[in-house]
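Just so it is clear, none of the values below were taken in a lab; they were calculated from the coordinates. None of these values were measured; they are calculated from a predicted model. Cβ coordinates were reconstructed from backbone atoms using ideal geometry, including for glycine residues, and neighbour counts include every protein chain displayed.
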Amino acid sequence: MRGMYIHIPFCHQICHYCDFNKVFFKNQPVDEYIESIGNELAIMANEGHSFNGLETVFLGGGTPTSLSEKQLDRLLEIIHRHVDVSTLREFSTEANPDELTRGKLSVLKNGGVGRLSIGVQSFDEQLLKRIGRTHGANTPKKVIQDAREIGFENISIDLIYGLPEQSIRQWEDTLDKALSLDLPHYSGYSLIVEPKTVFYNLMNKGKLPLPGEDAEAEMFSMLIDRMSQAGKMQYEISNFAKPGYESIHNLIYWDNDEYAGIGAGAHGYLKGQRYANYGPLRKYMESMETRLRPIVDQHVVSPTEAMEEEMFLGLRKSEGVSLHSFESKFGETLSEVYGDVLEELTSKGLISESEGSIKLTGKGVFRGNEVFQKFLK
């Protein structure tokens, strides 16, 4: 495995668009859950999984920064006990702006975390309330200033476009304010309305006025242009960075490499198998008590599926899918496996071959899902 993802499912507020495994923080067995993380790591070690030589650890959620300083400190202590962090190239955590106090920043920094991924989403006060965020439009600037003073340099923020009633002007204003922070990394995602979310229920009632496809495409185009002008290169469809600040952990996913998934509802990919842990906290924690891994589902990835994943994940990257790497991994050339598909997509101007790789064209970036679908049998 190259990396490790650890899921912290607690939130003080549930955002209207979020479909990740999460629970309200209040009255939850938070301390016991943190200890269960250590138990899962110990069980995996006993099964022969080695946590030496990892490149990344990523704390996600939920909201890792919903934990108190003491709880965060304990979580980091457990990680250090089970994982050799000396080899890490990147130790990241997701964070909410209004929960990232100076005290928590110090705990994270002292615990070896070097990268912050902050969920800002918008710098528009009305839109923030509309999507269920609890921080104000000016909070991120103060938090980032605090983080820099405490010693964090590798900071990223997430932004969302295509929000209900969001105008092009509002999106432009959010980009202006985001880029004025001069961060090394930005992520920009279009809103996807997922089942079992507040927005999904509103949409089914006809009460979710979303921008049209043309407006969303214009917002995406503006995102690409503005990031490029600011020296942040689009290294993946939704991600932009100064050279050297690309997210190493997320590149593990897009490189289709293996990683451990730890915690309730976490997914992992180890020894050719994709697996999912129990989502409900009690079910997850009960599994720990029996000294069994909390796996609810696992699936051996067939060679055909592995090739499909290599394509639709790898094509998200600006560097594309390497012809040499594909053949090394699978013992067949890309043209032998996908010759007809490559020819069709090339003729439509959606992909091209350069520098020994197959890549999305500028046109293909806007029609990525159409391209990815072609590689699924």
| query | Any idea what diffusion coefficient the stretch 86-136 gets from Stokes-Einstein, in µm²/s, Kirkwood Rh on alpha carbon pairs, 4 °C, 1.567 mPa s? | reply | 105 µm²/s
| Say a paramagnetic label sat at a point 7 Å from the Cα of Phe24, along Cα to Cβ; which residues of the stretch 270-294 have their backbone N under 14 Å from it? | none
| query | Once you sort the root eigenvalues of the Cα gyration tensor of the stretch 302-341 as a ≥ b ≥ c, which label holds: rounded (a/c under 1.5), prolate (a/b larger than b/c) or oblate (the other case)? | reply | rounded
| task | Once you have the Cα-Cα distance between His299 and Ala45, take 0.36 nm times their residue separation minus that, and quote the gain in nm to one decimal. | result | 89.4 nm
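Given that compact globular proteins tend to follow 2.2 N^0.38 Å, what is the ratio of the alpha-carbon Rg of the stretch 320-373 to that value?
Relative to the 2.2 N^0.38 Å estimate, the stretch 320-373 comes out at 1.09.
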| note | Taking N as the number of residues in the stretch 155-289, the ratio of its alpha carbon radius of gyration to 2.2 N^0.38 Å works out to 1.30
| field | Summed side-chain charge close to Thr93 - residues other than Thr93 whose Cβ falls under 14 Å, Lys, Arg +1, Asp, Glu -1 | value | -3
| query | Going down the table (Lys26/Lys70; Lys109/Lys142; Lys22/Lys177; Lys129/Lys283; Lys109/Lys271), which pairs top 26 Å between alpha carbons? | reply | Lys22/Lys177; Lys129/Lys283; Lys109/Lys271
| request: Restricting things to alpha carbons, tell me how big the stretch 122-196 is in terms of Rg and Dmax, in Å. | output: 13.1, 40
| query | Considering the zone a paramagnetic label at Leu323 would reach in this model (a point 7 Å from Cα along the Cα-to-Cβ line), which residues of the stretch 335-377 have amide N under 17 Å from it? | reply | 335-347, 351-361
| query | Once fully extended, how much extra length lies between Arg169 and Glu289, figured as 0.36 nm per residue of separation less the alpha-carbon to alpha-carbon distance? | reply | 37.9 nm
| said: Would you report the distance distribution of C-alpha pairs in the stretch 1-158 as whole percents per 5 angstrom bin, up to the bin with the largest distance? | reply: 2, 9, 18, 21, 20, 16, 9, 4, 2, 0, 0
| query | Once the piece of chain linking Glu258 and Ala217 is laid out straight, how much longer is it, given 0.36 nm per residue of separation minus the C-alpha distance between them? | reply | 11.5 nm
| query | Applying 1/(1 + (r/R0)^6) with R0 = 30 Å to the Cβ-Cβ distance of Lys348 and Tyr200, what FRET efficiency is obtained, to the nearest 0.05? | reply | 0.40
| said: Principal axis extents for the stretch 57-116, Cα atoms only, whole Å, descending order, please. | reply: 31, 20, 19
